[in-house]
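First comes the structure, then the notes that go with it.
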Amino acid sequence: MTTPQVRFSKVDSAKFFRTLNKRVNQYFKDNNIKRTGNWKLHLKTIVMFSLFLTPYFLILTLDISQWWMLLLTIVMGVGMAGVGMNVMHDGNHGSYSSKKWINNLMGNSMYILAGNVYNWQVQHNVLHHTYTNIHGHDEDMDAGRVIRFTKHAQWRRFHKFQHYYSIFLYGLLTFNWALTTDFKQTKDYLARKLSYGKLPSPLKQWSTVVITKMIYALIWIVIPMMFMSIAWWKILLGFFIMHYVAGLILSVVFQLAHMVEGAEMPMPDQTGNMKNTWAIHQLFTTVNFSTKNRLVNWFTGGLNHQVEHHIFPNISHVHYTKISKIVKQTALEFNLPYNEYKTTRKAIISHFKHLKEMGMKPALHS
């Protein structure tokens, strides 16, 4: 960590989280339903995997024009993002099913998305969900030197153009997973002994990274080159387009939940203490968007209900629309923020306004 170990306040005199937790538990009890996924999630899993994998087999087996191939690689990118947000995400949070092996199976879909389960769980479940929007701890805020998401990060002259160029970089997210990110994170996380659950042995983790990358390259690059009679560079271009579409969707959805004008980015004091309890911290740093839009709700895997997801990451996203009423009512009751943008468009505008503000030279803006 680049700052002292963070400690959240234990003082919640109003007992916000205790009250909220009791009400949410009561909702599941009264309706006699599990907190994990249901038939809606299972059906969605079939749809998302079909969107992702069917085009792959069609490209390999059918004699179709290269324009159709291009269209199908775009569909694969949409499906890839859909699997990540709806299936892999719930699986690795342990909320897909009440059965651990099913959660592990669905979480392991990360490997066909070009990522690594251990790295993702550390970055997302541990660092992002614990230290949300805290610079130096939440790695989702770290885009290297290229993008400045917070006033706590160092400003560079080129940042004043970041609200223009950032969108082009967002599409590289999963492509970077495939090439470099997992190797860097494995080295870093093992050195820091970070884990979500049991810390894997270095041999096991490095072996997993190398072997899964080889299998990934075999499926998505080598096999198409063996079975398709088109130029090798067109296959690589299709691979890149698939990743770019998926990366763009995933990055934009992630940014709208935390990197917008309504989200705070607090820092601990010199001794590492935070002002608020963990649950209240989530309300200040997290934003919902377009929660009334059925298509956005369905496709983003409830990531537009980010407030509910951050306070209850162990509850499947299929329940967020229902429990959001309880969360919102309780937050307002305790005079706490419940940040939300009514539409995706408003959230996107807010994100780029935030980028523009963070790109201004610090001495020139208040």
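The values are calculated or read from the model by the stated rules, or taken from the named source; none is laboratory data. Only a predicted model underlies this, so the values are computations on that prediction, with no experimental measurement involved. Counting neighbours? That spans all protein chains shown, and the Cβs are built from the backbone with ideal geometry, glycine included. The area values use the complete protein model at the heavy-atom level, side chains included, leaving out ligands, DNA and RNA. Shrake-Rupley method; radii C 1.70, N 1.55, O 1.52, S 1.80 Å.
Let me have the 222 nm mean residue ellipticity of the chain computed from DSSP H runs of 4+ only, each contributing -39500 (n - 2.57), with the sum over all residues rounded to the nearest 500.
Helix contribution divided over all residues of the chain: -16000 deg cm²/dmol.
For N314 paired with I102, estimate the spin-label separation in nm (one decimal), with each label point 7 Å from Cα along the Cα-to-Cβ line.
1.8
Gap in Å between the Cα centre of the range 266-282 and the Cα centre of the range 132-153?
After rounding, the separation between the Cα centres reads 16 Å.
Could you give the dipole magnitude of the chain about its Cα centre, charging the beta-carbon of Lys and Arg +1 and that of Asp and Glu -1, in debye to the nearest 20?
Working: 39 positive and 17 negative charges, 129 e Å.
Using only the charged Cβ atoms, the result is roughly 620 debye.
Calculated from the structure, P(r) over Cα pairs in 20 Å bins from 0, in percent equals which of (i) 29, 51, 15, 5, 0; (ii) 31, 58, 11, 0; (iii) 27, 59, 13, 0?
Here the calculated entry is (iii).
For A14, what is the net charge nearby, where nearby means another residue's Cβ is under 15 Å from its Cβ and Lys, Arg count +1, Asp, Glu -1?
Computed value for this residue: +4.
Using the Cα centre of the chain as origin and beta-carbon charges of +1 (Lys, Arg) and -1 (Asp, Glu), tell me which of H93, I167, T54 is placed farthest towards the positive end of the dipole.
Sorting the options by dipole projection puts first H93.
Taking the solvent-accessible surface of protein heavy atoms with a 1.4 Å probe, what is the per residue accessible area of the chain in Å²?
Details: 18460 Å² over 366 residues.
Roughly 50 Å² per residue, with all protein chains present.
What part of the accessible area of the chain, given as a whole %, is carbon or sulfur when the probe is 1.4 angstrom?
For the chain, the apolar C and S fraction of the accessible surface comes to 64 percent.
How much accessible area does L248 have with a 1.4 Å probe, in Å² rounded to the nearest 10?
Using a 1.4 Å probe on the heavy atoms, I get roughly 50 Å².
So what is the relative contact order of the range 197-312, in percent, for Cα pairs below 8 Å that sit 6 or more residues apart?
19
Compute the signed sum of charges (Lys and Arg +1, Asp and Glu -1) over the other residues within less than 15 Å, Cβ to Cβ, of N293.
Neighbour charge sum, excluding N293 itself: +4.
Relative contact order of the range 1-130: what whole-number percent is it, with Cα pairs under 8 angstrom and at least 6 residues apart?
Computed value for the range 1-130: 18 percent relative contact order.
Between L43 and R18, what length in nm is gained on full extension when 0.36 nm per residue of separation is reduced by their alpha carbon distance?
Details: separation 25, 0.36 × 25 = 9.00 nm, distance 3.37 nm.
Extra length available between L43 and R18 comes to 5.6 nm.
At a threshold of 8 angstrom on Cα-Cα distance, excluding pairs fewer than six apart, so keeping six or more, what relative contact order does the chain reach in percent?
Dividing the mean separation by the residue count of the chain yields 26 percent.
Using the Cα gyration tensor of the range 49-178, with a ≥ b ≥ c the square roots of its eigenvalues, what is the shape: rounded (a/c below 1.5), prolate (a/b larger than b/c) or oblate (neither)?
Details: a/c = 3.40, a/b = 1.27, b/c = 2.67.
Taking the square roots of the gyration eigenvalues as a ≥ b ≥ c, the range 49-178 is oblate.
Please give the net charge around G136, taking every other residue with its beta carbon less than 15 angstrom from that of G136, where Lys and Arg add +1 and Asp and Glu add -1.
Result for the neighbourhood of G136: -1.
Quick one: putting +1 on the C-beta of Lys and Arg, -1 on the C-beta of Asp and Glu, what dipole do you get for the range 153-247 around its Cα centre, in Debye to the nearest 20?
With Lys and Arg at +1 and Asp and Glu at -1, about 400 debye.
Can you tell me how the range 182-315 classifies by the Cα gyration tensor, rounded, prolate or oblate, using a/c under 1.5 as the rounded cut?
Oblate is the answer for the range 182-315, as a/c is 1.5 or above yet b/c matches or exceeds a/b.
Using the basic label-point model (7 angstrom from Cα toward the beta carbon), what is the R145 to T277 distance in nanometres?
4.3
Just tell me, in residue order, which DSSP H segments of the chain are both 18 angstrom or longer along the helix axis (alpha-carbon based) and at least 0.0 in mean Kyte-Doolittle hydropathy.
Helix filter hits for the chain: 39-61, 66-83, 202-217, 232-258.
Quick check on my link table: of K29/K99; K322/K342; K15/K346; K160/K187; K325/K353; K275/K342, which ones sit more than 21 Å apart, alpha carbon to alpha carbon?
K15/K346; K160/K187; K325/K353; K275/K342
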